[in-house]
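The values are calculated or read from the model by the stated rules, or taken from the named source; none is laboratory data. Since we're looking at a predicted model, the values are computed, not measured. Every residue, glycine among them, receives a Cβ derived from its backbone with ideal geometry; neighbour counts consider all protein chains shown.
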Amino acid sequence: MTAETSKKTVAIDREKLTKLLAQEDQRFIEAHPKSKELFERAKKSLLNGVPMNWMIKWASPYPVFVQEGSGAHFTDVDGHKYLDFCLGDTGAMTGHAPPLAVQAIIERISKGTTFMLPSEDAIYVAEQLQKRFSLPYWQTALTATDANRFVIRLCRQITGRQYVLVHNWCYHGSVDETFATLHKDGTVGPRKGNMGPPVNPNVTTKVVEFNDLKGLEEALKNRDVACVLAEPVMTNIGIIHPDPGYHKALRELTRKYGTYLIIDETHTICTGPGGYTKEHNLEPDFITIGKPIASGIPASAYGFSEAVAEQIKANSTLDECDTGGIGGTLAGNALSLAAMRVTLEKVLTEDAYKQTIPLAERFAKGVEAVIAEQQLPWIIKQLGCRVEYWFRPEPPKNGSEAAAAADSELDRYMHLAALNRGILMTPFHNMALIAPGTSDADVDHHTQVFKESVEQLLH
């Protein structure tokens with residue numbers, strides 16, 4: 001959905017924006033003394049005061065330190081309650097501490113968590129994933145990064161080919177091959193800030209723009225690409241939908257040139273129980289998925305076709321099955337599998353989507369109404385229970401267009417204004433994810449805060 005794009009362009013007063021940001025900074029600091037105290041303490045033992053360096057990317061002067069969470073809300077150490085639209089950037093899409101999952105997780109912990117041996121839960125999880133995604137065989141890991149990395153290695157082993165193909169400005173976790181970007185002259189190089197191996201990614205990776213079928217075929221025609229790793233809808237640079245017929249052509253071209261197709265459903269599981277793959281009848285060779293499938297417990301899975309399974313078995317012996325960088329001592333542990341089982345069976349269900357997707361539509365309509373009222377050249381896009389607004393009049397068709405539309409200062413203002421009024425948005429872009437437990441009143445609260453923030457900026 002898009003707002004009308006014929007409306008007049010409203011210029012943002014950048015000087016006013018800077019002043020408002022300073023005011024919101026001060027408001028945050030005054031309201032979060034305990035978080036500040038913990039942050040100062042943390043800087044003495046944690047790099048930049050956080051357990052993972054990307055946690056410095058929040059809009060606030062320092063991170064909010066969490067006390068506890070339940071459903072679509074959490075409370076910080078200063079006693080403030082927040083409506084959570086970030087949800088661990090999809091990791092908590094099920095909501096925080098879903099009671100049925102908590103019960104099963106506690107029970108599993110009391111009986112042991114890791115044995116390097118299978119449990120019956122493993123079979124149940126694989127059977128459920130079979131039904132949801134229509135691929136016959138599955139393996140487990142701890143993160144979607146691992147799942148993607150393992151699948152890439154399998155594709156290279158089976159095909160004997162060098163390259164992985166990804167979309168420009170994609171995100172598939174911290175897989176080295178994916179931190180490549182397409183330069184204006186058409187060459188491939190490392191993404192700015194990349195900390196991968198000391199080789200140019202152009203020896204491992206080919207990059208094409210999303211929705212660029214001509215570029216895709218050009219990249220595949222030499223038959224040196226082992227696999228295409230793709231989100232069915234781009235999400236981490238913002239929601240970018242495929243053009244009509246794109247996925248049909250993607251599948252035809254990968255088959256034509258003997259290239260495996262991997263669909264990463266880690267974010268697009270927001271579409272429905274079987275992800276975008278099920279909803280749109282895609283036919284990948286592999287599926288990878290992580291984040292929400294174990295209600296916040298680290299877990300991931302990757303599935304593959306019968307033909308792929310035969311190739312894997314043909315290329316592996318008993319003596320060699322623990323080499324090649326596929327596995328991990330804690331992969332397939334009993335705790336993760338128990339959490340996956342209960343999540344697939346009782347939490348991430350059809351009924352959950354019947355609740356969250358209409359709420360995402362309500363969110364989109366509320367924001368769209370404000371955009372129209374203020375005659376802003378902005379739009380909003382939706383994918384299942386995921387919603388995102390853009391500071392541009394037309395939806396981008398690819399990663400380059402999306403990256404060019406970024407306005408970090410405006411992002412920061414909108415996010416910080418929301419945070420100071422009890423709403424957490426995803427820090428990397430303007431995304432809201434709707435969890436079970438979110439209410440109409442929660443969504444309407446965001447609409448009001450969004451409206452007030454825009455009015456404060458424009459008037």
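Out of Gly290, Gly245, I need the residue that is more than 15 Å from Asn398 (Cβ to Cβ) and buried (at least 22 other Cβ atoms within 10 Å of the Cβ). Which one?
Only one candidate passes the filter, namely Gly290.
Do the conditions hold for Pro377, that is, is it part of a loop (DSSP other than H, G, I, E, B) and in contact with a helix residue (DSSP H, G or I) (Cβ under 7 Å, 6 or more places away or on another chain)? Working first, answer last.
On the way: part of a loop (DSSP other than H, G, I, E, B): yes; in contact with a helix residue (DSSP H, G or I) (Cβ under 7 Å, 6 or more places away or on another chain): no.
When the stated conditions are applied, Pro377 does not pass them.
Could you pull out the residue among Leu359, Leu337, Leu344, Leu282 that is within 20 Å of Val387 (Cα to Cα) and surrounded by 20 or more Cβ atoms within 10 Å (Cβ to Cβ)?
Going through Leu359, Leu337, Leu344, Leu282 in turn, just one is within 20 Å of Val387 (Cα to Cα) and surrounded by 20 or more Cβ atoms within 10 Å (Cβ to Cβ): Leu359.
I want to confirm something. Restricting to the range 224-248 and keeping residues that are in a strand (DSSP E or B) and of a type in the set (Val, Ile, Thr), which single residue is farthest from Asn168 (Cα to Cα)?
Across the range 224-248, the extreme among qualifying residues is Val225.
So which strands (runs of 3 or more DSSP E) are wholly in the range 120-182 and hold at least 2 residues that are of a type outside the set (Ser, Thr, Tyr) and within 16 Å of Ile287 (Cβ to Cβ)? Walk me through it before giving the result.
On the way: elements: 137-141, 163-167, 180-182.
Answer list for the range 120-182: 137-141.
Quick check on Gly69: is it part of a strand (DSSP E or B), at pLDDT 95 or above, closer than 21 Å to Lys36 by Cα and not aliphatic (A, V, I, L, M)?
For Gly69, the condition - part of a strand (DSSP E or B), at pLDDT 95 or above, closer than 21 Å to Lys36 by Cα and not aliphatic (A, V, I, L, M) - is met.
Would you check which residues across the range 365-380 are in contact with an Asp or Glu (Cβ under 8 Å, 6 or more places away or on another chain) and surrounded by 21 or more Cβ atoms within 10 Å (Cβ to Cβ) and list them?
If the condition is that a residue be in contact with an Asp or Glu (Cβ under 8 Å, 6 or more places away or on another chain) and surrounded by 21 or more Cβ atoms within 10 Å (Cβ to Cβ), then Ile379, Ile380 are the ones that fit.
Just to be sure I understand the filter: pairs with C-beta atoms under 8 Å, separated by 6 or more residues or on different chains, first member in the range 443-456 and part of a helix (DSSP H, G or I), second member surrounded by fewer than 19 Cβ atoms within 10 Å (Cβ to Cβ) and aliphatic (A, V, I, L, M). Which pairs pass?
That search, which allows pairs on different chains as well, returns Thr447/Ala369; Gln456/Leu20.
If you scan the range 290-327, which residues turn out to be within 23 Å of the chain's Cα centre (by Cα) and modelled with pLDDT under 90?
Listed by number, the residues that qualify are Ile326, Gly327.
Considering Ser60, Ser35, Ser45, which residue is outside any helix (DSSP H, G or I) and surrounded by 13 or more Cβ atoms within 10 Å (Cβ to Cβ)? If you could, list the steps in order and put the result at the bottom.
Values: Ser35 fails: outside any helix (DSSP H, G or I); Ser45 fails: surrounded by 13 or more Cβ atoms within 10 Å (Cβ to Cβ).
Just one listed residue meets the conditions, Ser60.
Please find, within the range 79-95, the residue that is nearest to Leu344 (Cα to Cα) out of those that are part of a loop (DSSP other than H, G, I, E, B) and touching a Ser or Thr at 6+ places or on another chain (Cβ under 6 Å).
Among those residues, the one meeting the criterion is Thr94.
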